[in-house]
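No lab work stands behind these numbers, since they all come straight from the coordinates. Just so you know, these numbers come straight off a predicted model, no measurement behind them. Because the Cβ atoms are built from the backbone with ideal geometry, glycine has one as well, and the counts that use them run over all protein chains shown.
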Amino acid sequence: MDKALTQIQKNLESIKKTSNDQEMMEFWSARDLMLMLGYVKWQKFIEVVEKAKEACKKSNQSAENHFLPAPVKSSGGRPREDYFLTRYACYLIAQNGDSRKPQIALAQTYFATQTRKQELLEQRASENKRLEARSRLKETENKIESTVYQRGIKFQVEFATFKNKHIEAMYGGISTAKLKMMRNIPSKRPLADFDSHVELKAKDFALAMTDYNIKDNNIKGRENINNEVVKNSKATRATLISRNIYPEHLKSEEDLKRIEARRKKETMTRRLKRVT
């Protein structure tokens, strides 16, 4: 099966064309794809193309962007209709083809495999962004913890209050404890380990502004420091809301500790495979 899927990929790449403009867009001729998928008559294949176009519209995509009518060619006889297709259009044609044809069945398997690979790549990229943002937030939290301890916040309970005021200002008055309950996050776990990427970046920005202002304006005293973090967190919240992002409405995401554990397991598995 792997060899067959590899062959399908080679066949698909072999008939791929590239536009001559600056964007160098890839596309496929429907006529070429027809033969690759085991169709002989255009009249039969165009029925599949039309079904694919309908599927494209139902998925809220513009069919015109994926199925571009090609200039009609004529070799002295009947004009030859054709389409320039995107990779997505090729996928939809395969999905709507006659699965009794071995070429169609293999193409469907190939595109399903490629789609899954793309989903995993996008998931990993999203996880990478969250992991990086969480690491940066930790750095900022450590920096501001050192800053405020030098200027009036002396005890852990006072720093916990400082962080909670930051959260309440960011989330419209909702405390850290209540937010954890709303999101089904264990009470002893950091809220940020379940944050979306945009939340992590917003928190980092609000705390970084606070750290800068405390130092630049030589702010001292517990009350003044708390007021400063509230102001910056509210300003950050206002920016998010101006883009129709309400932090309290965002859902918790996969635990970053679980993602880190999964990554470590994957690394160990790869190392063991190399050894064996």
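At q = 0.11, 0.13, 0.14, 0.23 Å⁻¹, what is the base-10 log of I(q)/I(0) for segment 160-265 according to the Debye formula with one equal point scatterer per Cα and no solvent? Please give it to two decimals.
Debye intensities relative to I(0), on a log10 scale: -0.37, -0.50, -0.58, -1.24.
Mind listing which GluC sites (Glu not before Pro) in segment 1-90 are in a DSSP loop and have 12 or fewer other Cβ atoms within 10 Å? Write out the running numbers ahead of the final one.
Numbers: sites: 13, 23, 26, 47, 50, 54, 64, 81; in loops: 23, 81.
Here the sparse-neighbourhood loop sites are 23.
Going down the list 51/73; 163/203; 154/215; 143/264; 143/201, which pairs span over 19 Å between their C-alpha atoms? Please report the intermediate quantities before stating the final value.
On the way: 51/73 24 Å; 163/203 10 Å; 154/215 17 Å; 143/264 28 Å; 143/201 16 Å.
Listed pairs above 19 Å: 51/73; 143/264.
May I ask you to compute the full-extension gain from residue 62 to residue 250, defined as 0.36 nm times their residue separation minus their alpha-carbon distance, rounded to one decimal in nm?
Values: separation 188, 0.36 × 188 = 67.68 nm, distance 2.96 nm.
Result for the pair: 64.7 nm of gain on full extension.
Quick one: compute the contact order of the chain, relative version, from alpha carbon pairs under 8 angstrom and 6+ residues apart, as a percent. Spell out each step's value before the answer.
On the way: 264 pairs, mean separation 40.8, N = 276.
About 15 percent, as a whole number.
With the contact rule set at Cα under 8 Å and sequence spacing of 6 or more, what percent relative contact order holds for segment 1-103?
Values: 109 pairs, mean separation 28.8, N = 103.
Over segment 1-103, the number comes to 28 percent.
Roughly what angle does helix 197-216 make with the longest principal axis of the chain, taking Cα atoms, 0 to 90 degrees, to the nearest 10?
40
Over every pair of different alpha-carbon atoms in the chain, take the mean of 1/r and invert it; report that Kirkwood radius in Å. Walk me through the numbers before you get to the answer.
Values: mean 1/r = 0.0425 Å⁻¹.
One over the average 1/r among Cα pairs gives 23.6 Å for the chain.
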